[in-house]
C-alpha cells in the first residue's frame with residue numbers, strides 16, 4: 001500500500017498493531033486500535049479489516065460483552081455514530097497525541113469510567129478504550145485511572161496494560177509522567193461532564209472486502225469495467241461502439257429524383273381539394289419546386305416534345321382566311337381546328353399526366 005494512500009485513508013502504522021488486546025485482569029478495561037468505517041477499509045484485505053462490527057466479533061470469541069467505547073482520537077473521520085451498532089454507547093473525548101493529556105482531559109476520562117461502573121454494577125460489560133493505535137494515549141489514561149482511583153503501583157499498572165494489549169507504551173513522556181509525575185485530583189468525579197451516545201447502525205454492512213488488493217485493482221482493468229462504465233457520450237460516437245439491440249433503427253428512405261434537393265418531400269401524385277372556407281384543417285405540404293429540366297422528361301428519360309404555344313386571342317376566321325386579314329399563322333388558331341396528335345390533352349401544366 002502506498003504511503004500517500006495510507007496517509008489519506010488508513011492511519012499511519014495502523015496495520016502494524018493488533019486489533020484488540022485482552023481484558024486487563026481485575027478491571028473492566030480492554031484496549032484496541034481505532035475501528036474504521038467501511039469506506040476506509042474497502043481496499044484492505046479481509047484479514048486486515050477492523051471496524052465496529054469486527055470489534056464485537058472479536059469480543060464474542062472471548063465471551064466478553066462491550067458496553068461503552070471511549071474514543072480518544074483527535075478527529076471524527078474514522079467512524080461516526082451511523083457506523084456503530086445500536087448495542088454500544090460511545091463517548092468522544094478529544095485528546096491530542098504526542099503530549100501528556102491535561103488535567104481536564106484526565107478528569108473527563110475518570111468521570112466517564114466512574115459513571116459507567118456505577119450504572120453497570122449488576123453486569124460485567126467492558127469499557128473499550130482506543131486512540132489511533134490503542135497504545136500511548138489509551139495506555140496512559142487507563143494507567144492514570146488505575147493509579148489515581150484504585151491506588152495501583154505505577155510500574156504494576158504499566159506492566160498490566162502492556163501484557164494485556166500485546167504492545168508496550170512507546171512514548172517516554174507518557175511513561176515518565178506515570179512513573180514520576182504527581183497523582184491527579186479526583187475532585188468533581190461524581191459530576192457527569194458528558195453523556196454517552198448510542199450507536200445508530202441497525203444492520204451490519206453487506207459489503208464484503210476483497211481477499212487481496214490485487215483483486216480489487218484487477219476489477220478496474222477487466223473488460224467488464226470498460227463495458228459497464230465507459231458508455232458516456234464520447235464513446236457513442238465511436239463507429240465500432242456496440243449498438244443496443246432494443247433500439248429500433250429508422251427505415252431506409254428512397255433517394256429523390258436527380259436534380260431535386262434531398263430535403264424536399266416529393267408528392268407528385270397528391271392533389272387535395274381546397275377547403276370550403278379556404279382553410280384546411282390539416283395543412284398539406286407545399287408543392288415541390290421542381291426544376292424545368294425534370295418536368296420535361298418522361299419516365300424513360302427521353303426529353304418530351306415541345307408543346308404548341310397558345311395565345312389568348314381567339315377568332316372565328318378560318319385558317320385559310322387568316323393570311324388575308326394579315327394575321328400570322330403562328331399566333332392565331334381556330335378552336336375547331338384539329339391540333340397535332342401528340343399534343344392532345346396537353347396543357348401548360350404537365351403535372352396532370354405525370
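Hey, what's the Cα Rg ratio for region 3-198 versus the globular rule of thumb, 2.2 N^0.38 Å? Walk me through the numbers on the way to the answer.
Details: Rg = 16.0 Å, N = 196, 2.2 N^0.38 = 16.3 Å.
Rg over 2.2 N^0.38 Å, computed on Cα atoms: 0.98.
As a footprinting exposure proxy, order 74, 29 by other Cβ within 10 Å, with the fewest listed first. Let's see the in-between values first.
Details: 74 13, 29 25.
So the residues, fewest neighbours to most, are 74, 29.
Can you sort 103, 122 so the residue with the fewest Cβ neighbours within 10 Å comes first?
On the way: 103 9, 122 6.
The fewest-first ordering by Cβ neighbours comes to 122, 103.
Using 0.36 nm per residue, how much length does the chain from residue 77 to residue 149 gain when fully extended, once their Cα-Cα distance is taken away?
Details: separation 72, 0.36 × 72 = 25.92 nm, distance 3.20 nm.
Between residue 77 and residue 149, full extension yields an extra 22.7 nm.
What is the Cα radius of gyration of region 48-155 over 2.2 N^0.38 Å, N being its residue count? Walk me through the numbers before you get to the answer.
Details: Rg = 14.1 Å, N = 108, 2.2 N^0.38 = 13.0 Å.
In units of the globular-protein estimate, region 48-155 measures up at 1.08.
Taking the DSSP beta bridges in region 3-198 as the whole, what percent of them are antiparallel, to the nearest 5? Intermediate values should be presented prior to the final figure.
Working: 3 of 15 bridges.
Of the beta bridges lying entirely in region 3-198, close to 20 percent run antiparallel.
FYI, it's all coordinate maths here, none of it is from the lab. Keep in mind that this is a model prediction, so the values were computed, not measured. For neighbour counting, all protein chains shown are included, and Cβ atoms are generated from backbone atoms with ideal geometry for every residue, glycine included.
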